[in-house]
1. Return the distance in nm (one decimal) between the two label points of a simple spin-label model at residue 68 and residue 90, each offset 7 Å from Cα along Cα→Cβ.
2. For residue 126 and residue 175, what is the calculated FRET efficiency with R₀ set at 25 Å and r taken between the beta-carbons, to the nearest 0.05?
3. Count the lysine pairs in the chain whose Cα atoms lie under 20 Å apart, taking only pairs 8 or more positions apart in sequence or on different chains.
4. Just how far, in whole angstrom, is the range 34-82 from the range 122-141 if you go by their alpha carbon centroids?
5. For the range 2-86, take the alpha-carbon Rg, divide it by the Kirkwood Rh, and send me Rg/Rh.
6. Across every pair of different alpha-carbon atoms, what Kirkwood hydrodynamic radius in Å does the chain reach?
7. What 222 nm value per residue comes from the helices of the chain, counting each DSSP H run with n ≥ 4 as -39,500 (n - 2.57) and dividing by all residues, nearest 500 deg cm²/dmol?
8. Taking the radius of gyration and the Kirkwood hydrodynamic radius from Cα positions alone, what is the Rg/Rh ratio for the range 104-183, to two decimal places?
Amino acid sequence: MYKKAATYFFLVLFAALALANLIPIGDYSSGMANGLLMLLFSALFIVSFLIVIVINIYKKTRFDWIPVGIFGVFALFFTLTIQSEGGKFWTSVVLEANTDNQHNPHDGRLVLYENHSFTGTEVFTDFSMSYSGNYRINNDTLYLDREDLPEKTGGLLTTKYYIDSKNRLIPADTLYKPLIIKK
C-alpha cells in the first residue's frame, strides 16, 4: 500500500515540477534554466511512468490504471500550455504591444488578456521577467493596476497609456517610450 502511494506521489511531484516551469501563474521568470528544468522533470516523469507501466505489465495481479490517469492529466495540461498563446490556456490575448527598441537586447512587452489581466514583461537577451496584474480601459486610456510596474520593468513600462489611432500606446508620462501594438 505504501509503495503504491509513494509511486503516485513521485509521479505527481515530477509532473507538477515540470508544469510549474511551464505554466505562467503570477509573477514569473523564464529563460534557458526554466526550459532545462522543465525538460529534466518531464524526463524524470516519463522514465518513472514507463518503469511503473513495465512493472505493472509483468506482474500477475490486476493492472493499475492510476499512473495512466496521472500521465493523461499531465499530457493534457502540457499540450494545452504549449499550444496556447503566452502559456495561459484559460484566457485569450486581446492586445500585444512591444517597445520599439530595435538593436537593443533590453525590451519591454505588454500583453492584455480577455479576463482583464495583463502581463508586463522585461525582456533580456537570454531570459525575461514577467509581472502580472489587472487592467481597465476608460474611453481611450489604458490603466494598468499595478503601482510597482515601472520599477519592476526597469522603466520600460508605466501604469497609464493613451490608445492612439496609429496602433500605438502612448505613455501618459513622457519619460517612457510608446508601445507598438502587434495584435
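Each reported figure results from applying straightforward, stated rules to the coordinates on display, with no laboratory input. Since the structure is predicted, the reported quantities are computational estimates derived from the model, not experimental observations. Positions of Cβ are generated from backbone atoms using ideal geometry, with glycine treated the same way; all protein chains shown enter the neighbour counts.
1. Once both label points are built, they end up 3.0 nm from each other.
2. E(calc), rounded to 0.05, equals 0.40.
3. Close lysine pairs found across the chain: 14.
4. 35 Å
5. On the way: Rg = 14.4 Å, Rh = 13.9 Å.
Ratio of gyration radius to Kirkwood radius for the range 2-86: 1.04.
6. 18.8 Å
7. On the way: 4 runs with 68 residues, N = 183.
After summing the helix terms and dividing by the residues of the chain, the value is -12500 deg cm²/dmol.
8. Computed over Cα atoms, the ratio is 0.93.
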